[in-house]
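The structure appears below as structure tokens.
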Amino acid sequence: QLTPENMAERIGEAAQAARATDKATIKKSLDLHHQSHADQMRAIGTIRTKQEQRWHMLYWGGGATLAMSLLWLIYPGWAASIGPQSWLWPERVARRTLGEPTLWDAGIRLMRAGNPEGWRVIVDAADLARENRDTVATCEKAAAKAGKRVRCTISIRKR
């Protein structure tokens, strides 16, 4: 009953059945390959996007730093004026600019330069108060005891 044509037909059917499972395996393998390739491309796109974002942040940060530096060069007091008053930033900038060791010394230098006559009056008043400290203290006690103003005599040195 087996003729060469039947045999060839059966061999063809068996080969077709064997190739069908291989074909399905190959198709599934190709689908997985395409899917993993697409996943890799999405990951690369995400990585590129993150890298671009980092570069943009670096560029903007550098630009902001450069702009602030230029602004500081043009108007150095702006940054000092934005802090709270208790931090004394303008005063510290002035002290550093004048090259003085303390705020007090910087203030003296500014007063001396801004109003020499006024500075001389302040120094003279301080000297007068220091030289007559005991007399002034006695007068203050007398005024407190009397509850009103009192006259006192102080001594003034010759210039």
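Mean shadow of the stretch 12-134, computed from the convex hull of its alpha carbons, in nm²? Don't skip to the end; give the middle numbers.
Working: hull surface 63.0 nm².
Value for the stretch 12-134: 15.8 nm².
Sort the stretch 1-82 into rounded, prolate or oblate with this rule: let a ≥ b ≥ c be the square roots of the eigenvalues of the Cα gyration tensor; rounded if a/c is under 1.5, and if a/c is not under 1.5, prolate when a/b is larger than b/c, oblate otherwise.
It is prolate, given that a/c is not under 1.5 and a/b is the larger ratio.
For LYS141, what accessible area in Å² do you get when you roll a 1.4 Å probe over the heavy atoms of the protein chains, rounding to the nearest 10?
150 Å²
For the stretch 1-82, with every protein chain kept in place, what is the accessible area per residue (1.4 Å probe, Å²)?
91 Å²
Using packing as a proxy for protection, rank 91-98, 28-35 so that the peptide with the highest average count of other Cβ atoms within 10 Å comes first. Each step should come with its number before you reach the end.
Values: 91-98: 14.6, 28-35: 10.0.
Per-residue Cβ counts within 10 Å, averaged per peptide and sorted highest first, yield 91-98, 28-35.
Please work out how much length the chain gains when fully extended from ARG42 to VAL123, using 0.36 nm per residue of separation minus the C-alpha to C-alpha distance, in nm with one decimal. Each step should come with its number before you reach the end.
Values: separation 81, 0.36 × 81 = 29.16 nm, distance 7.79 nm.
The span from ARG42 to VAL123 would gain 21.4 nm if fully extended.
Show me, for the stretch 121-126, the HN-Hα J-couplings you get by feeding each phi into the Karplus relation (A = 6.51, B = -1.76, C = 1.60, θ = phi - 60°), rounded to Hz, glycine and proline as x.
4, 4, 5, 4, 5, 5
If you roll a 1.4 angstrom probe over the protein chains with everything in place, what fraction of the accessible area of the chain belongs to carbon and sulfur, to the nearest %? Write down the numbers at each step before the final one.
Details: 8730 of 14120 Å².
Answer for the chain is 62 percent, counting heavy atoms of protein chains only.
Nearest 500 deg cm²/dmol is fine: what mean residue ellipticity at 222 nm does the chain get from its DSSP H runs of n ≥ 4 alone, each adding -39,500 (n - 2.57), divided by its residue count?
Numbers: 6 runs with 128 residues, N = 159.
It comes out at -28000 deg cm²/dmol, rounded to the nearest 500.
The values are calculated or read from the model by the stated rules, or taken from the named source; none is laboratory data. These numbers come from a predicted model, not from an experiment. Cβ atoms come from the backbone with ideal geometry, glycine included; neighbour counts cover every protein chain shown. Only protein heavy atoms, including side chains, enter the accessible area calculation; ligands, DNA and RNA are left aside. Shrake-Rupley method; radii C 1.70, N 1.55, O 1.52, S 1.80 Å.
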